[in-house]
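All remarks here apply to the structure that follows.
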Amino acid sequence: MEQPLCVPPPLRGTDPGSFAERTVRERWPRIVAQTIQVNDFPASINKRLRALHDELPDGPIRPLQDPGAPDLRLWNEWIAPYLGETWASAPWLFAEHYLYRRILEATGYFQPGPTHLLDPFRKQKTAALDPSAEAVAMLARAANERATCPEQARAHLPLLLLTSLWGNQIDLSMWSADKAPRHLGTTRETAHLLVNETEAAHAHLEAIAPARVDLLADNAGFELLCDLVLIDGLLAAGYAHTVVLHLKAHPTFVSDALIADVLELLSRLANASDSAPRLLAKRLRSHIAAGHLQLTDSFIWNCPLPMRAFPALPHAELARSDLVIAKGDANYRRLVDDAHWPFTTPFAEVVSYFPAPLLVLRTLKAEVVVGLEETRIGEVASRDPEWLTNGHWGVIQFYCPPRPVSP
Ligand SMILES: O=P(O)(O)OC[C@@]1(O)O[C@H](CO)[C@@H](O)[C@@H]1O
């Protein structure tokens, strides 16, 4: 009889000397202050944002005060277990999603008026593409070539996964876009992989083609372009007949992507001076029109729960996928309960609840990781003391649920 998995305690902002502690005490106040600086909000909103800033890190968790917001009931259910906790003592995964939802409460995102549905991170996200005009054209040219040659698209799958992975280094809650570390196109793009299960994922795609692939998006801007290039490649290769791109229902984690960010990116590509991005935009728009690329968003991707605790419906939806690709650090943390697992805990053991084949593409930006070899941990830790959080190291990990035994 298999022993039930015992999930370790979650990361918290009270973990002494941890990145979570630095985040709660230093990064989050800075993010709230920056939200005031980069916007031109009226005094009443800035007053609410400053009050939020002053709650961090030892203020109490409280119910949302956002009358009429579509997610109000859900959020107050999610908050209930942590009433009486502080920002620092609540689980970090919960507190971080709660922080971004409280920013929207303060700015009146769900309230009628001038800031209704106004993305407080719009300026940072828009700026994130500017420094990469040359890289955008290069990516588009390669994508356009693949679109005419399925064999090349299939052969390029490993490169497409690396491109999507290292696009995750650009994360505006951590760095401004022009300061993000860039491994793409250097020897670091494979040397800095702590786990590389590309081969198993590639074999899976060869076996199941043509498939339904679901991609859980992360950041807008350059990372989103890399994800769209991966999607374009999956369709060109014939690995996917349909790709469902899952986006956030509202702004969060500064740079996380909404449907609006996809549409804006396509519009910027379509108006590029270089013809290659224009051709890529035209093809992506035709994939959307034909239903081969489906853009969907859901409040579930803004929820503060570990994926293990997701309600039945999204689990059932993901179970229909032939491959779920989860991008980025926050999705990884959600997949592994944002818990203090020993780093050598087998990835398949931790995500055995997941209802579909799963591929994670993640640069490490938090002190949680599973599936590593002891020797690799020793090597990287001696070489780079910040390896868990500086975004310079990545994992490509693949899990395939055991096939149901036929009766
Ligand atoms: O999901 P992403 O964009 O790759 O990263 C999310 C993130 O910015 O938020 C947390 C720290 O505040 C970390 O998980 C990581 O730094």
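The values are calculated or read from the model by the stated rules, or taken from the named source; none is laboratory data. Worth saying up front: this structure is predicted, and the values here are computed from it rather than measured. Neighbour counts are summed over all protein chains in view; Cβ atoms, including those assigned to glycine, are modelled from backbone coordinates with ideal geometry. Surface accessibility is based on the protein's heavy atoms, side chains included, excluding ligands, DNA and RNA. Shrake-Rupley method; radii C 1.70, N 1.55, O 1.52, S 1.80 Å.
Couple of notes before you dig in:
- Checked against (1) buried (at least 22 other Cβ atoms within 10 Å of the Cβ); (2) at pLDDT below 95, Asp130 passes all but condition (1).
- Selection count, the range 134-168, where residues are polar (S, T, N, Q) and either open to solvent by 50 Å² or more (accessible area, probe 1.4 Å) or out of contact with any strand residue (DSSP E or B) (no Cβ under 7 Å at 6 or more places or on another chain) (or both): 4
- Here is the figure for the range 106-152: residues that are part of a helix (DSSP H, G or I) and in contact with a His (Cβ under 7 Å, 6 or more places away or on another chain) total 1.
- Pro404 vs. criteria open to solvent by 10 Å² or more (accessible area, probe 1.4 Å) and not assigned by TED's automatic domain parsing to the domain that holds Leu245: yes
- Among (1) assigned to a loop (DSSP other than H, G, I, E, B); (2) touching a Leu at 6+ places or on another chain (Cβ under 6 Å); (3) not small (Gly, Ala, Ser), the one test that His287 misses: (1)
- Residue identified as modelled with pLDDT of 95 or more, open to solvent by 10 Å² or more (accessible area, probe 1.4 Å), of a type in the set (A, V, I, L, M) and away from the ligand (no atom under 14 Å from the Cβ) among Leu295, Leu323, Leu359, Leu318: Leu295
- Single match in Arg101, Arg25, Arg50 (criterion: in contact with a helix residue (DSSP H, G or I) (Cβ under 9 Å, 6 or more places away or on another chain), within 16 Å of the ligand (Cβ to nearest atom) and not assigned by TED's automatic domain parsing to the domain that holds Val369): Arg101
- Filter pass, Ala211 being away from the ligand (no atom under 12 Å from the Cβ), closer than 24 Å to Thr296 by Cβ, touching a His at 6+ places or on another chain (Cβ under 9 Å) and modelled with pLDDT of 95 or more: yes
- Between Val369, Val395, the distinction of being assigned to a loop (DSSP other than H, G, I, E, B), in contact (Cβ under 8 Å) with a residue 40 or more places away in the chain, within 16 Å of the ligand (Cβ to nearest atom) and open to solvent by less than 10 Å² (accessible area, probe 1.4 Å) belongs to Val369 only.
- Residue within the range 215-233 that is assigned to a strand (DSSP E or B), of a type outside the set (D, E, K, R) and away from the ligand (no atom under 16 Å from the Cβ) present: no
- Flag if Phe110 is touching a strand residue (DSSP E or B) at 6+ places or on another chain (Cβ under 9 Å) and touching a residue at least 12 places away in the same chain (Cβ under 8 Å): no
- Every test in (1) open to solvent by 10 Å² or more (accessible area, probe 1.4 Å); (2) charged (D, E, K, R); (3) touching a residue at least 60 places away in the same chain (Cβ under 8 Å) is passed by Asp227 save one, and that test is (1).
- Near pairs, Cβ below 9 angstrom, 6+ apart or cross-chain, from the range 17-29 (touching a residue at least 24 places away in the same chain (Cβ under 8 Å) and charged (D, E, K, R)) to any residue that is assigned to a loop (DSSP other than H, G, I, E, B) and near the ligand (Cβ under 9 Å from one of its atoms): Arg27/Ser173; Arg27/Met174
- Residues of the range 326-348 classified as part of a loop (DSSP other than H, G, I, E, B) and more than 8 Å from the ligand (Cβ to nearest atom), total: 10
- Candidate set from the range 1-30 (those that are open to solvent by 60 Å² or more (accessible area, probe 1.4 Å), closer than 17 Å to Glu367 by Cα and of a type in the set (Lys, Arg)); member that is farthest from the chain's Cα centre (by Cα): Arg25
- Count of residues meeting criterion [at pLDDT 95 or above, of a type in the set (Gly, Ala, Ser) and touching a strand residue (DSSP E or B) at 6+ places or on another chain (Cβ under 8 Å)] in the range 244-261: 2
- For the range 77-93, filtering for residues that are more than 17 Å from Ile31 (Cα to Cα) and either open to solvent by 50 Å² or more (accessible area, probe 1.4 Å) or touching a strand residue (DSSP E or B) at 6+ places or on another chain (Cβ under 8 Å) (or both) leaves 11.
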